[in-house]
Each structure stands twice: as structure tokens, then as C-alpha cells.
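Since every read-out is calculated from the coordinates, none of them should be taken as a lab result. These numbers come from a predicted model, not from an experiment. FYI the Cβ positions are ideal-geometry reconstructions off the backbone, even for glycines, and counts take in every protein chain you see.
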Amino acid sequence: MSDERPEAGARRPRAVILGCAGEQLSQDEERFFAEADPLGFVLFRRNCRTRNQLRALVTALRRCVGRADAPVLIDQEGGRVARLQPPEWRAYPAASLIGSLPDALALEAARLDGRLIADDLAAVGITVDAAPVLDLPARGADPIIGDRAWGSEPDRVGRLARAFCEGLLAGGVLPVIKHIPGHGRAKVDSHKALPRVEANRAMMMHTDFTPFRVLSGMPWAMTAHIVYASVDDTAPATWSRKVIDTIIRGDIGFGGVLISDDISMGALAGSLAERAVRSLDAGCDLALHCNGVMSEMVEVAQAVPPISSAAQARLVRGEAVRRRRRDEIDRRAAGLRFGELMAAAEKSVKSAPKSAP
């Protein structure tokens with residue numbers, strides 16, 4: 001484990017983000033969270049039914065740990081990955097549809113997308129959105145990224161993702177750029193198995209890593225459970241001190257909060273306690289455990305230490321950004337304009353020539 005520890009006498013939460021089982025907390029969950037004191041929480045569709053119910057759940061989670069600013073995360077990308085669903089919440093498109101628009105319209109749509117999503121999240125107290133995806137899909141890759149990507153041109157993806165992030169930040173929600181340093185070349189789904197990327201590091205610097213470098217000043221990023229053989233042939237990025245120090249913190253220059261992807265995914269091996277500890281030892285600031293299974297959360301919480309001083313400083317910087325970047329929008333007008341842009345994108349996609357098989 002890292003030798004960096006909180007100052008004597010300072011109370012710091014544990015370096016972990018945890019889920020919960022349902023739409024409201026059980027007494028066992030309340031007691032556990034109060035004792036375990038995770039840094040924050042992550043929500044999924046199983047937790048989200050109505051605005052009032054979700055707002056009450058978020059409040060209850062923060063009450064357990066006694067911190068009104070405890071981060072609450074959700075994956076609200078749009079398209080296939082959207083935890084808040086109609087009819088209670090607006091349906092948002094996959095990033096690829098926005099990316100199909102001409103540049104100026106795509107940038108406008110990306111920012112509106114982020115701003116409208118932020119409005120939904122802030123209304124129920126959610127402060128961190130695990131989006132956008134900055135991965136560049138490659139030919140022959142597993143479809144797990146697919147239409148979640150903004151496109152395949154590195155610089156353009158960076159511009160569109162930045163516009164989306166600016167929309168989130170303007171609405172008081174922190175973006176999480178993912179899956180750093182790039183998931184687009186993976187030939188297997190990391191939910192199921194461990195992918196290996198054999199591409200040359202120098203080449204990836206000009207392709208896969210570029211969108212992350214463009215957005216290196218963002219407050220949060222999520223690691224990829226992928227082996228990058230040209231950098232570290234022995235461990236996935238989440239567990240690789242070399243990838244994190246040399247590529248993520250070094251070449252890319254990311255200086256914000258680094259959270260692991262879900263440690264229960266099939267790409268990782270070993271006990272959940274080992275997975276969490278290895279993530280933190282490698283340089284992640286936080287380990288992420290998503291499924292809300294009590295026995296697993298107990299195992300992880302017992303193994304995870306309090307957040308480090310460096311992680312605490314990064315979290316404070318991110319929260320300061322979130323608090324100062326709030327603006328107001330005309331929700332109806334913004335929604336109508338976004339709808340117009342998406343209608344144009346859908347029409348364009350339908351009328352485009354079909355590619356040869």
C-alpha cells in the first residue's frame with residue numbers, strides 16, 4: 001500500500017465508492033455505510049424510479065456518512081448507458097449520433113446534451129456523471145464501446161467531449177473522462193475478460209491517448225481494465241503503476257481524481273479485497289465497487305484505507321470547480337433546440353449512403 005497517509009487526528013473517508021441494493025436503504029445498509037464511511041456512492045437503474053424517490057435516496061446516503069458533499073455518481077451517457085430512463089427522465093442519444101452532425105452543430109449539441117443531463121442530475125443531488133467516453137473505436141474491436149464514442153478522429157472527439165464536459169460543469173456536475181488511457185482497441189469486453197492491446201505506445205500517443213490529453217484538466221477520470229503491452233505487459237492499467245505514472249499522470253498529464261473502473265468486472269482476478277488494494281497501490285485515488293452486494297462491500301471496506309492526502313487535495317479542487325461553474329438555463333428552450341439538432345442528426349444518418357458489406 002502507498003506510504004502516503006492522512007495526517008494524524010484527521011478523519012478521512014475510505015478510498016472507495018460503493019453502490020446500494022435498491023430504491024431505498026435498508027437498516028443494514030445504513031449501519032454499514034455509517035461504519036465503513038466510503039468516500040461516496042454510485043447509482044444504477046435499480047436505484048432510480050422517480051425524482052422524489054431518488055432525491056430521498058441520495059439524501060439518505062449522504063446522511064449515513066455525515067457529509068453533505070459526499071460524491072454521488074451515476075453513468076448517464078445517453079444511448080445504451082443511461083441509468084435515468086423515460087418516462088420519468090428525458091431520453092438522451094448515444095454520443096455517436098451527436099458526432100454525426102457537422103462540427104458547429106455537433107459542438108452545440110454536445111454542450112446542450114451535457115447541460116440538460118446536468119440539470120436532471122443536480123435536481124436529485126447527483127454531483128458526478130461517469131461520462132463522457134473518450135475511447136476511439138478501432139476496426140475489429142469488441143462492440144462494448146461502439147456508439148458510445150463521439151467518433152474516431154482523436155482531435156474532434158476531444159473537442160466534442162470537451163463541449164459535453166463544459167455543459168455538465170455549467171450545471172454543477174463533475175464529468176468523469178473514461179476509460180483512460182483508451183478502451184477503443186479492446187477485442188474483448190472488460191466486463192467479461194481481460195483485454196490486451198498490442199499497439200505501439202508512440203502510435204497511441206497520436207491516437208488513443210489524444211482525447212485524454214486534450215481533456216487532461218478535467219476533475220475526474222476512470223481507468224481501463226486493459227493491458228497495454230507496449231507499456232506494461234504484466235498488469236491492466238488499473239493495477240499498473242507504470243501506466244498510471246508514465247502514461248496517465250505523465251504523457252497525458254491528467255492531474256485530477258483517478259477512480260478505477262468497477263473492480264468486480266471479469267477483467268480482474270483475485271478477491272475483491274485484493275482487487276481494491278492493488279488499484280490503490282498502483283496509483284488510483286479511489287476503488288469503485290458497484291453491485292451493492294453487502295458481503296462484497298464489507299470485504300472491500302475492510303481492506304481499503306482512508307483516502308490519501310493527495311487524493312483529498314484533488315477532490316477538494318474538483319469540488320471547488322463544481323461549485324463555481326453553475327449557471328441557469330431555460331430548460332424548455334434548451335430542450336427544444338436539442339431536439340431540433342437530434343432530429344437533424346437522425347435524418348442525416350437515415351439518408352446517408354449505406355456502406356458496403
Which one is farthest from Ala122 (Cα to Cα) among residues in the range 307-334 that are over 21 Å from the mean Cα position of the chain (by Cα) and outside any helix (DSSP H, G or I)?
Asp330
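Has the range 244-265 got at least one residue that is part of a helix (DSSP H, G or I) and acidic (Asp, Glu)? Walk me through it before giving the result.
Start the filter on the range 244-265 by keeping residues that are part of a helix (DSSP H, G or I), which leaves 244-251.
Of the ones still in play, those that are also acidic (Asp, Glu) are 245, 251.
Yes; the residues of the range 244-265 include at least one that is part of a helix (DSSP H, G or I) and acidic (Asp, Glu).
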How about the range 14-34: which of its residues are free of Cβ contacts under 8 Å to residues at least 24 places away in the same chain and among the charged types (D, E, K, R)?
Arg31
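Would you confirm whether or not the range 185-192 contains a residue that is surrounded by 24 or more Cβ atoms within 10 Å (Cβ to Cβ) and hydrophobic (A, V, I, L, M, F, W, C)?
At the first step, the residues of the range 185-192 found to be surrounded by 24 or more Cβ atoms within 10 Å (Cβ to Cβ) are 185-186.
Those left that are additionally hydrophobic (A, V, I, L, M, F, W, C): 186.
Within the range 185-192, one or more residues are surrounded by 24 or more Cβ atoms within 10 Å (Cβ to Cβ) and hydrophobic (A, V, I, L, M, F, W, C).
Answer with yes or no whether Asp261 is touching a Ser or Thr at 6+ places or on another chain (Cβ under 7 Å), acidic (Asp, Glu) and free of Cβ contacts under 8 Å to residues at least 40 places away in the same chain.
Against the criterion (touching a Ser or Thr at 6+ places or on another chain (Cβ under 7 Å), acidic (Asp, Glu) and free of Cβ contacts under 8 Å to residues at least 40 places away in the same chain), Asp261 does not qualify.
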Determine the pairs where a residue that is over 19 Å from Asp189 (Cβ atoms), located within the range 219-237, has a partner that is surrounded by fewer than 24 Cβ atoms within 10 Å (Cβ to Cβ) and small (Gly, Ala, Ser) with Cβ atoms under 6 Å apart, the partner being 6 or more residues away or on another chain.
Pro219/Gly256; Pro219/Gly318; Trp220/Gly256
Just for the range 64-83: of the residues that are over 17 Å from Trp150 (Cα atoms) and in contact with a Phe, Trp or Tyr (Cβ under 9 Å, 6 or more places away or on another chain), which one is surrounded by the fewest Cβ atoms within 10 Å (Cβ to Cβ)?
Val65
Tell me which residues, restricted to the range 177-197, are among the hydrophobic types (A, V, I, L, M, F, W, C) and in a loop (DSSP other than H, G, I, E, B).
Ala186, Val188, Ala193, Leu194
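So which of Ile247, Ile307 ends up being closer than 28 Å to Asp155 by Cα and among the β-branched types (Val, Ile, Thr)? Give the derivation first.
Working: Ile307 fails: closer than 28 Å to Asp155 by Cα.
Being closer than 28 Å to Asp155 by Cα and among the β-branched types (Val, Ile, Thr) holds for just one of Ile247, Ile307, which is Ile247.
Can you list the helices (runs of 4 or more DSSP H) found entirely within the range 76-176 that contain at least 1 residues being touching a residue at least 12 places away in the same chain (Cβ under 8 Å), in contact with a Cys (Cβ under 7 Å, 6 or more places away or on another chain) and of a type outside the set (Val, Ile, Thr)?
Numbers: elements: 95-99, 103-123, 154-170.
Qualifying helices (runs of 4 or more DSSP H): 103-123.
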